[in-house]
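Chemist: Before we start, here is the structure in question, set down as structure tokens.
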Amino acid sequence: MFQVGQICRELGINTQTIYYYERIGLIPPLQRTKSGYRLFSPEDVEILRFILRVKDLGLTLDEIKQLLELKKGRSLTCQAVYNHLVEKINQINAKIVQLQQLKTELTPLLKQCEINLNNPPEYECKVLN
């Protein structure tokens, strides 16, 4: 069994992150010592490693929760992972399109600002009006 401090150092996370994950049900309630300190089993540590790995891949906590439920039910098949990853890639592609559209809108405004940089300092920029 491991204490929170050990796990935080080993995984490079903040104790508040662990407490939050426990509070929202991302990790199961942890065992506690008689004095109330949280204790982690090796299985708890593996769950945390999984969460951190998947979070680094850009999945949200809700998406991670879904994957953990599948994992818990021994239903985290390659097909299930594939489906989740396809959905995530589709979301990323949609976000890229949105960001490209935003860039297209901002670029002319930036060029107009560049033209106006030579105006006196008291000149009010009208580019965003």
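The values are calculated or read from the model by the stated rules, or taken from the named source; none is laboratory data. Computed from a predicted structure; not experimentally measured. Here the Cβ is made from the backbone with ideal geometry for all residues, glycine too, and neighbour counts use every protein chain on show. Calculation scope for accessible area: heavy atoms of the full protein, side chains included, ligands and nucleic acids excluded. Shrake-Rupley method; radii C 1.70, N 1.55, O 1.52, S 1.80 Å.
Chemist: Heavy atoms only, probe 1.4 Å: what % of the accessible area of the stretch 35-110 goes to carbon and sulfur, would you let me know? Walk me through the numbers before you get to the answer.
Modeler: Numbers: 3240 of 5540 Å².
Here carbon and sulfur together make up 58 percent of the probe-accessible area.
Chemist: Over the stretch 1-81, give the accessible area per residue in Å² for a 1.4 Å probe, as an integer.
Modeler: Values: 5310 Å² over 81 residues.
Ligands and nucleic acids excluded, the result is 66 Å² per residue.
Chemist: In addition: Among LYS55/LYS111; LYS72/LYS103; LYS71/LYS95; LYS55/LYS103; LYS34/LYS88, which pairs are too far apart, with a Cα-Cα distance over 32 Å?
Modeler: Numbers: LYS55/LYS111 37 Å; LYS72/LYS103 42 Å; LYS71/LYS95 28 Å; LYS55/LYS103 27 Å; LYS34/LYS88 43 Å.
The pairs that break the limit, which is 32 Å between Cα atoms, are LYS55/LYS111; LYS72/LYS103; LYS34/LYS88.
Chemist: Give me the percent relative contact order of the chain, please, defined on Cα pairs under 8 angstrom at least 6 residues apart.
Modeler: Values: 59 pairs, mean separation 21.3, N = 129.
Relative contact order for the chain comes out at 17 percent.
Chemist: If you don't mind, there's one more thing I want to ask. Using DSSP loop states and a limit of at most 12 other Cβ atoms within 10 Å to flag GluC sites (Glu not before Pro), what is the longest stretch of the chain containing no flagged site?
Modeler: Values: sites that count: GLU122, GLU124.
The reported range is 1-121.
Chemist: What list of ³J(HN,Hα) couplings, whole Hz, do you get for the stretch 29-41 from phi and the Karplus terms 6.51, -1.76, 1.60, once you set θ to phi - 60° and write x for glycine and proline?
Modeler: Values per residue, Gly and Pro as x: x, 8, 5, 9, 6, 4, 8, x, 6, 6, 10, 10, 7 Hz.
Chemist: Longest exposed-loop-site-free stretch of the chain, with chymotrypsin sites (Phe, Trp or Tyr not before Pro), DSSP loop and at most 16 other Cβ within 10 Å? Please report the intermediate quantities before stating the final value.
Modeler: On the way: sites that count: TYR37, TYR123.
Between the exposed loop sites, the longest stretch runs 38-122.
Chemist: Applying 1/(1 + (r/R0)^6) with R0 = 35 Å to the Cβ-Cβ distance of GLU69 and LEU106, what FRET efficiency is obtained, to the nearest 0.05? Provide the component values of the computation, followed by the final result.
Modeler: Numbers: r = 40 Å, r/R0 = 1.15.
Efficiency computed from Cβ-Cβ geometry: 0.30.
Chemist: Still on this structure, please answer the following. By the gyration tensor of its Cα atoms, with a ≥ b ≥ c the square roots of the eigenvalues, what is the shape of the chain: rounded for a/c under 1.5, prolate for a/b over b/c, or oblate?
Modeler: Working: a/c = 4.49, a/b = 2.00, b/c = 2.24.
Judged from the Cα gyration tensor, the chain comes out oblate (a/c at least 1.5, b/c at or above a/b).
Chemist: What longest region of the chain stays clear of trypsin sites (Lys or Arg not before Pro) that DSSP places outside H, G, I, E and B and that have at most 16 other Cβ atoms within 10 Å?
Modeler: Details: sites that count: LYS34, ARG74, LYS126.
Counting at most 16 other Cβ atoms within 10 Å as exposed, the longest clean stretch of the chain is 75-125.
Chemist: Rg over Rh of the stretch 23-93, using C-alpha atoms and the Kirkwood radius, what does it come to? Please report the intermediate quantities before stating the final value.
Modeler: Details: Rg = 14.2 Å, Rh = 13.5 Å.
On the Cα set of the stretch 23-93, Rg over Rh gives 1.06.
Chemist: Based on the alpha carbon coordinates of the stretch 1-57, what radius of gyration and maximum Cα-Cα distance (Dmax) apply, in Å?
Modeler: Radius of gyration, then largest Cα-Cα span, for the stretch 1-57: 10.7, 37 Å.
Chemist: Starting from the Cα-Cα distance between TYR20 and VAL86, subtract it from 0.36 nm times their residue separation and give me the gain in nm to one decimal. Mind showing how you got there, number by number?
Modeler: Details: separation 66, 0.36 × 66 = 23.76 nm, distance 2.80 nm.
Taking 0.36 nm per residue and subtracting the Cα distance, the gain is 21.0 nm.
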